[in-house]
Amino acid sequence: MRATSLLYSGLAVASAPLLVSGSPAKARAAHVIRDAYAPADEYDYVIVGGGTAGLTVADRLTEDGKTTVLVLEYGQLVNDSAINEVTSGFQAIQPKYMYSIKSVPQKKLGNRTTDVFIGKVVGGGSAINVMMNIRGTAEDYDRWGSFFGPGSSWSWKGMLPYFKKAVTFNPPDAATAASSDIKYDESYWGKTSTIHASWPTFQYPGVKAILDGFKSMAGVKYAPDSGSGETGVYWYPQFSDPKKVTRSYARTGHFDGISRSNYQLAVGIKVGKILLDGTTATGVTYAAVADGANAAVKTVKARREVIMAAGGIHTPQILELSGLGSKKVLDRAKIPVVVELPGVGENFQDHVMLSASFNRKTNPVVDGVLGTDGDSC
C-alpha cells in the first residue's frame with residue numbers, strides 16, 4: 001500500500017484573489033542595471049518592487065518611449081528551470097527566491113507561527129507561485145468597492161474588464177476537455193495579453209473521480225468558470241505559455257522582450273525609505289543588498305511619482321520607515337511621524353492551502369507520470 005499526497009491541479013473548491021494588471025503593446029529587453037550604484041539620479045517615476053504590480057506598471061508607463069522609469073528590485077534577474085518549467089508548481093518555492101519571514105503566533109493554530117511566502121526575485125510572487133489562475137469572488141470585490149462609495153470602479157463589475165485584459169485565455173484541447181469534463185466560459189477572459197492562461201494536455205484521472213464525487217453530493221455548487229466570480233467547484237487554468245510550455249508571469253509578460261531605454265530595472269537593491277518634501281514623495285533612498293549593513297546609501301529622485309509595489313509586507317514597512325503609519329508604532333520605533341495613517345501595516349490577512357492525503361492499494365497511473373516508482377506528486 002502506498003501513501004500518496006496529491007495536489008489537485010486544475011480542480012478547485014474555493015477561490016483566492018489574484019490580480020495582474022493589463023498588458024500594454026510591446027515596443028522592442030529593458031535595460032538591466034546590476035551595479036547598484038549605476039542608476040541615474042532622477043527619473044519620471046521610481047517604482048519600488050519588481051514583482052507582479054511593479055513590472056506591469058513599468059511596462060505601461062514606458063510604452064510611449066519617452067517616460068523614464070526606474071524599477072528597484074531586491075532580488076535578482078535569474079534564468080532557472082525551477083521557475084520556468086511547469087513540471088511542478090512547487091519547485092520554484094526555494095529559500096534563495098524567498099524572504100525568510102514568519103507570521104506572528106496564530107491563536108487558532110495553537111500559537112504556531114507559519115511561513116509567509118514572498119518572492120525575492122524579479123517577477124515577485126508570480127515567479128514562485130504554483131501557477132494557479134484563480135480570481136477572487138465577486139462578493140469580495142463588491143465589498144472592497146463599497147469602501148469607496150456607490151459606483152466605485154473597484155467593484156467586480158468595474159474590475160472585470162481589467163481581469164480580461166490581464167490574461168490571454170487558451171482553452172483546453174477538445175479531447176482533454178471531454179475526457180476530464182472541463183467546463184469553461186471564454187466570455188470571462190481576454191485575448192490580448194502577453195500573460196497566458198492555458199491547460200496541460202493531461203489531467204490526473206483521480207481528479208475526475210473527485211469531480212464525479214462532488215456531483216453526487218447534494219447542495220454543491222458548480223461555477224461556470226474559475227473566472228466567473230462564483231464560489232463552488234470548478235476547473236481552473238494555469239499560468240503557462242501554451243506554445244513554450246513554460247511559466248507565464250510578470251517577467252515574461254512585462255519585461256522580457258522589451259527593449260526601451262526609458263525602462264530600467266535595477267536588481268539587488270534594498271530601499272530604505274521614501275524621501276518627502278512635506279507630505280509629497282520626491283524619491284527614495286536605497287543601497288546594495290550585497291554590501292550588507294555597511295552599504296553606502298544613495299538617493300534617486302522622482303520627477304512625477306514614487307510608486308510603491310513592494311508587496312503586502314514590505315510596502316507598509318517602507319511607509320512606516322518613512323514616517324507614514326500608526327503613531328503608536330512609529331513612536332515605539334522612534335521614527336518621526338510625518339503623516340499618521342493607523343491602517344498602514346495593520347489587518348494583514350493571508351489564505352490557507354490544504355492538501356488531502358490518502359492510501360491506495362493500486363497505482364491508477366503509470367509510474368512515468370508521477371515520477372520514479374510512483375513518487376508523490
With charges set only on the Cβ (+1 for Lys and Arg, -1 for Asp and Glu), what does the dipole of region 131-248 come to about its Cα centre, in debye to the nearest 20? 280 debye
Shape box of the chain [Cα atoms, principal axes, largest first, Å]: 65, 50, 48
Simple spin-label model, 7 Å along Cα-to-Cβ: V338 to F90 in nm? 4.3 nm
Too long at a 19 Å Cα-Cα cut-off: which of K273/K334; K270/K301; K120/K270; K66/K298? K66/K298
So for M132, M217, fewest C-beta neighbours within 10 Å to most, what's the order? M217, M132
Which semi-axis lengths, in whole Å and largest first, follow from the square roots of five times the eigenvalues of the Cα gyration tensor of region 222-376? 43, 23, 18
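Every read-out reported here was derived from the displayed coordinates using simple, explicitly stated rules and does not represent laboratory data. Note that the coordinates shown come from a computational prediction; the quantities given were computed from them, not determined experimentally. Heads up, the Cβs are rebuilt from the backbone with ideal geometry, glycines too, and the neighbour counts pull from every protein chain shown.
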